[in-house]
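Structure, as structure tokens:
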Amino acid sequence: MPMAVDAENFYSERAKKMRASEIRELLKLTQEKDIISFAGGLPNPLTFPVEELKEITRKVLEEHGSMALQYGTTEGYIKFREAIAARMKRWGVNCTAENVIITGGSQEALDLISKVFLDPGDYVIVGAPSYLGGLNAFRAFEANMITVPLDENGMRMDLLEEKLKEARKKGLRVKFIYTIPTFQNPAGVTLNEERRRCMIDLAEEYDVLVVEDNPYGELRYEGDDVNAVKAYDNDGRVIYLGTFSKILAPGLRMAFMIADDPLYRKIIIAKQSEDLCTATFNQYVAYEFMKNGLLDKHIQSIIKMYSVKRRIMLDSLDEYFPKDAWWSRPKGGMFCWAVLPEKVNTVKIFPKALKKKVAYIVGSAFFANGGGENTMRLNFTHPTDELIVEGVKRLSEVIKEELKG
Ligand SMILES: Cc1ncc(COP(=O)(O)O)c(C=O)c1O
């Protein structure tokens, strides 16, 4: 074996600051076979449309092989982009294929956005809590975060205004507000319409962009659809991210951004050097799935399965969790968020939960600037119905023991 190189000599200043996420380490512990895990953010594999995709894959190879296996344009397959633009009307967004960029997962979109808009020392406004993958993408480009607390109606607009005002006073360069407005990851809450309009008003007043990340909006189990924040965009300052990960299959890595010129053009230039184009073959497959009406039917079947699981999770929490805990009652998506009495530290009780063969994600991981030590995220889409009940029961025992001690 050759001696290992002294890697530190070679890393960029940026890479030196990158840290492995603690969450990944904790997640490894949750993957033992007999653990009931509320930790992951995974769709339930029973929803994957394997048979349909077998047929579509064959069809794509037979009918479009020479195109589907070739490099494509950086923007993406035009028919796919047209279909996506047409679908956006459901959320009140008027756009054309010329506004759509296909990306390899929304995670790539978050990286591209960071690359295009963030200089070291810039500020991003994020929810407290917010999606860890987003926070890590912004951190990788050496941005600082300003956090705004959420309540049961999503990000608090009074506090957003306060933070924007304060940042202006201090002369901080705030580039964008990062929001997951519908069935938020991790909190499960949804920004109401009034706040969506208000977010746009504030973004205009303080001249910042808005990055709207919406992986869960189509998974609604209760209530009426809401317009996207982008629907209220007056001057092309909102970049919208959608993905097929939660409504088709994350393994396809198919997602999209909606942006207006001139931001659109700049993002395309950045994407050219990132990956030339998103996997052409997968774009053809996802398009065929959409085109034949299979996607809408498929989403209905996912909703059927997940809405039962959500009900079971909420009923179990009602039955077993301590009464002085609070948890969100998500009308869609994949997560419940629990806020426990202050004295329960969810990092500290994590090993005790593992001993009882149940796992969750510690909530503090989702707070960019600290806090949330008494919170946890619970995924309800992955475990079986029976194991959701059993898992919540075990978790409640751990929490109640801690409260007693
Ligand atoms: C809020 C949010 N944004 C982005 C992503 C990444 O999605 P994708 O699989 O499209 O990269 C996730 C995945 O869980 C997410 O929850």
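The values are calculated or read from the model by the stated rules, or taken from the named source; none is laboratory data. This one's a predicted model, so the numbers in the text were calculated from it and none came from an experiment. Every residue, glycine as well, gets a Cβ built from its backbone with ideal geometry; the counts of neighbours run over all protein chains shown.
In region 247-304, what residues are within 16 Å of the ligand (Cβ to nearest atom) and of a type in the set (Phe, Trp, Tyr)? Hits for region 247-304 are 256, 289. Sub-6 Å Cβ pairs linking a first residue in region 233-261 that is without any contact (Cβ under 8 Å) to a residue 40 or more places away in the chain and within 16 Å of residue 177 (Cα to Cα) to a second residue that is of a type outside the set (A, V, I, L, M) and more than 9 Å from the ligand (Cβ to nearest atom), at least 6 apart or interchain, are 236/260; 238/212; 238/230, ordered by first then second residue. On the stretch given as region 76-103, residues that are farther than 28 Å from residue 152 by Cα, in contact with a Lys or Arg (Cβ under 6 Å, 6 or more places away or on another chain) and away from the ligand (no atom under 16 Å from the Cβ) total 1. Here the helices (runs of 4 or more DSSP H) wholly within region 279-356 that include at least 1 residues being more than 30 Å from residue 69 (Cβ to Cβ) are 294-320, 350-355.
Looking across region 150-195, the residues that are of a type in the set (Asp, Glu) and assigned to a helix (DSSP H, G or I) come down to 158, 161, 162, 166, 193, 194. Within region 222-237, is even one residue of a type in the set (Phe, Trp, Tyr) and either within 16 Å of the ligand (Cβ to nearest atom) or assigned to a loop (DSSP other than H, G, I, E, B) (or both)? There is no residue in region 222-237 that is of a type in the set (Phe, Trp, Tyr) and either within 16 Å of the ligand (Cβ to nearest atom) or assigned to a loop (DSSP other than H, G, I, E, B) (or both). Criterion applied to 114, 130, 106 was being within 15 Å of the ligand (Cβ to nearest atom) and part of a loop (DSSP other than H, G, I, E, B), and the one residue passing it is 130. Scan region 165-202 for residues that are more than 21 Å from the chain's Cα centre (by Cα) and aliphatic (A, V, I, L, M) and the total you get is 4. Can you name every residue in region 49-77 that is part of a loop (DSSP other than H, G, I, E, B) and either closer than 19 Å to residue 299 by Cα or charged (D, E, K, R) (or both)? Passing the criteria: 49, 75. In region 47-59, the residues that are surrounded by fewer than 17 Cβ atoms within 10 Å (Cβ to Cβ) reach residues that are charged (D, E, K, R) and part of a helix (DSSP H, G or I) with C-beta atoms within less than 7 angstrom, at least six apart or across chains, in these pairs: 59/288.
Conditions (1) within 28 Å of the chain's Cα centre (by Cα); (2) away from the ligand (no atom under 16 Å from the Cβ); (3) modelled with pLDDT under 75; (4) loosely packed, with under 10 Cβ neighbours inside 10 Å, marked per residue:
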{"position": "5", "(1), (2), (3), (4)": "no, yes, no, yes"}
{"position": "17", "(1), (2), (3), (4)": "yes, yes, no, no"}
{"position": "23", "(1), (2), (3), (4)": "yes, no, yes, no"}
{"position": "35", "(1), (2), (3), (4)": "yes, yes, no, no"}
{"position": "38", "(1), (2), (3), (4)": "yes, no, no, no"}
{"position": "41", "(1), (2), (3), (4)": "yes, no, no, no"}
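When you scan region 122-138, do you find a residue that is surrounded by fewer than 20 Cβ atoms within 10 Å (Cβ to Cβ) and not acidic (Asp, Glu), even just one? Yes, region 122-138 contains at least one residue that is surrounded by fewer than 20 Cβ atoms within 10 Å (Cβ to Cβ) and not acidic (Asp, Glu).
Being closer than 18 Å to residue 49 by Cα, surrounded by fewer than 20 Cβ atoms within 10 Å (Cβ to Cβ) and among the polar types (S, T, N, Q): is that true of residue 307 here? For residue 307, the condition - closer than 18 Å to residue 49 by Cα, surrounded by fewer than 20 Cβ atoms within 10 Å (Cβ to Cβ) and among the polar types (S, T, N, Q) - is not met. Within region 353-375, how many residues turn out to be in contact with a strand residue (DSSP E or B) (Cβ under 8 Å, 6 or more places away or on another chain) and in contact (Cβ under 8 Å) with a residue 60 or more places away in the chain? Qualifying residue count, region 353-375: 14. Among residues belonging to region 196-221 that are assigned to a loop (DSSP other than H, G, I, E, B) and within 11 Å of the ligand (Cβ to nearest atom), point out the one that is nearest to residue 334 (Cα to Cα). Only one residue tops the list, namely 216.
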